[in-house]
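The values are calculated or read from the model by the stated rules, or taken from the named source; none is laboratory data. Values in this document were obtained by computation on a predicted structure and should not be read as measured data. Backbone-built Cβ (ideal geometry, glycine too); neighbour counts: all protein chains shown. Remember, those area values only see protein heavy atoms, side chains included, never the ligands or the DNA or RNA. Shrake-Rupley method; radii C 1.70, N 1.55, O 1.52, S 1.80 Å.
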Amino acid sequence: MGVSSVSSVVDTLRLTAEEAAGLVERKEVTGAELHRAYLDAAAERDPELHCYLRLVDEPNGDGVPVALKDVISTHGIETTAGSKILAGYVPQFDSTVAARCKAAGLPIIGKTNTDEFAMGSSTENSAYGPTRNPWDPERVPGGSGGGSAAAVSAGLAPWALGSDTGGSIKQPSALCGNVGLRPTYGTVSRYGIVAFASSLDQVGPVAKNVRDCALLYSLIAGRDERDSTTVELPEPVRLPEGEDLSGLRIGVPKELNEAEGIEPGVTTAVQNAIELARSLGAEVGECELPRSVEYGLACYYLIAPAEASSNLARYDGVRYGLRVDGESYREMVERTRDVGFGDEPKRRIMLGTYALSAGYFDAFYGQAQKVRTVIAREHAAAFERFDVLVSPTSPTVAFKLGEKAANPLAMYLSDLLTIPSCMAGLPGLNVPCGLSEGLPVGLQLIGPQFSENTLFRTGHALEQAIGFDPVPERLR
Amino acid sequence: MAITREEVLHVAKLARLELSGDEVERLTLELGAILEAVGKVAELDLDDVPPTSHPLELVNAWREDEPYDSLGLDAVFANAPQREDDLFRVPPTT
């Protein structure tokens, strides 16, 4: 089949991964042709959007290509985590998730842009330049996984993997109008993932719809002997099919839905989705997470930087990555870290080191760990009455590049609504629920640990009822 | 909560970061604002609440103690800034 006829079959903007797999299975296209179609789309649109840090020209499998966030180690393919300190670093082994994608026949099509070390909410902190939102290139795609989310929305990858510490999968998916899952902590291996905050980091899928998201999750999830924090899934992943929500109890946490800074257009779209859920048979009731939302952000910005300051100690110019020469070992290490790290990692290393230092440990890190217990307990209490909690994923639609870049605290507020459930190790799914000012609004579905199947069922039914068109208007 | 310039320099030393003068000025302001925001956790009285260090209640993760291949030396040194024989070379430590 020639190139022109392939492009008529493969509309990368619309094709779901499940449909793409069907085309290959029925031999309507080959895996190589499919791969080529996405590379062609990237050649056309990525110079403007900058979703990818690098592309892989030759597919290493016959299945549906997958894009991987650049914090995911890939054997023989440069992996930088968006940082200059890892420029030129070529992993000598595959992360478990990359190996599982390959084993499932999914060729890696490229490595996607990310805020440096996944620290950020706009992808503007990448040392390699920002990614732009496919709905409006003047705006950010969210972050840190803005490259993966924008690539899926712009038809440059059928699906992708991201990583989420405090919202880095869910929030970009919300801002780009696609489906992203932050899985239950411990269900996906972190072996070979560039570490940010180890008690929070999770890898998860980004896709055009909930079924694709569930399918990709099923390929990467499960215990890995190389990551002792992983567990077996208590039940297999079920691809969602149903369209009703009868018997489902949906809780609407007041604080997550009425927080200061939530745009009116976001509230309207989320409320419409909640009404739809009711019409599909769900029981809807109000609940409270009083301290989770009020103290969640502060708790996160102590625990995550503390863990980051420890994890990023490994970048010392000795074994891999950048080295800047010095007269002594210590001078070499200090210069390497000064030159290699950008502003945000430095800020977080400093904050974390301070919070862990003698005299401050109990007041900051120790207290934050107790707040974490409070957050987990509040969520557990809510799940005694409800199966799923809903809220906006992001308080705002995509904001303009540069709008928050000069004010770290304003940027941190982007994750106000995603952070509390992350602290409790809970899974969260973003599902697009409409537009506000022509930009996507994301609905956040949160469930108890290991409730991914419930989230998929809920997300799928709502997706059918909402009928959101995931193709950015300007690309239709 | 303010943080002093001296504290910033001390923390930078602990974190092995050589900061320029401008960076010290900027970080003193930024960290002061961030610490004031995160210091909010001190408002809660949590004397009776146990800390959470990990979201799952895992105790031990066992596996069979069986040998398997690890990376070969060439792979281990493939990204080394400076290799000398089978060692990473660094500047003098004193």
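Summary value for chain A: 18 percent relative contact order, contacts being C-alpha pairs under 8 angstrom separated by 6+ residues. Summing Lys and Arg as +1 and Asp and Glu as -1 over all other residues whose Cβ lies under 15 Å from the Cβ of A:Arg249 gives a net charge of -2.
Of A:Leu181, A:Leu156, A:Asn133, which is farthest along the charge dipole of the stretch A:126-192 in the positive direction, counting Lys and Arg as +1 and Asp and Glu as -1 at C-beta? Of the listed residues, the answer is A:Leu181. Taking only the alpha carbons of the protein assembly as shown, we obtain Rg and Dmax values of 22.8, 72 Å in that order.
Estimated at 0.36 nm per residue, the fully extended path between A:Leu409 and A:Asn60 surpasses their Cα-Cα distance by 121.4 nm. Each Lys or Arg adds one and each Asp or Glu takes one away; over the other residues whose Cβ falls under 14 Å from the Cβ of A:Val397, this sums to -3. Ranking A:Leu248, A:Pro420, A:Val333 by Cα position along the charge dipole of chain A, where only Lys, Arg, Asp and Glu carry charges on their C-beta atoms, puts A:Val333 farthest toward the positive end. In chain A, the DSSP-assigned H stretches of four residues or longer account for a calculated mean residue ellipticity at 222 nm of -11500 deg cm²/dmol, using -39500 (n - 2.57) per stretch and the full residue count as denominator. Taking chain B as a Gaussian network of alpha-carbon nodes connected by springs under 10 Å, the highest mean-square fluctuation of the residues B:Ser53, B:Ser70, B:Ser20 belongs to B:Ser70. Taking the Cα centre of the stretch A:45-200 as reference, the dipole from Cβ charges on Lys and Arg (+1) and Asp and Glu (-1) amounts to some 360 debye. Under a model in which nothing but the beta-carbon of Lys, Arg (+1) and Asp, Glu (-1) is charged, the protein assembly as shown shows a dipole of about 340 debye around its Cα centre.
Rolling a 1.4 Å probe across all protein chains gives A:Lys400 an accessible area of roughly 100 Å². Couplings for the stretch A:101-111, taken from phi via the Karplus curve 6.51 cos²θ - 1.76 cosθ + 1.60 with θ = phi - 60°, read 4, 4, 4, 7, x, 8, x, 7, 8, x, 10 Hz in order; Gly and Pro are left as x. Among the chymotrypsin sites (Phe, Trp or Tyr not before Pro) within the stretch B:22-94, those in coil by DSSP and having at most 15 neighbouring Cβ atoms inside 10 Å are B:Trp62, B:Tyr68. Surface calculation, 1.4 Å probe, protein heavy atoms: B:Thr93 sits at approximately 110 Å² accessible.
Residues A:Lys170, A:Lys84, sorted by accessible area with the largest first, give A:Lys84, A:Lys170 [1.4 Å probe; ligands and nucleic acids excluded].
Length gained on full extension, B:Ser20 to B:Asn79: 18.4 nm, using 0.36 nm per residue less the C-alpha separation. Among the listed pairs A:Lys69/A:Lys102; A:Lys84/A:Lys346; A:Lys27/A:Lys102; A:Lys208/A:Lys400; A:Lys370/B:Lys40, a Cα-Cα separation exceeding 18 Å is found for A:Lys27/A:Lys102; A:Lys208/A:Lys400.
Each other residue within a Cβ distance under 11 Å of A:Asn113 adds +1 if Lys or Arg and -1 if Asp or Glu, for a net charge of -1.
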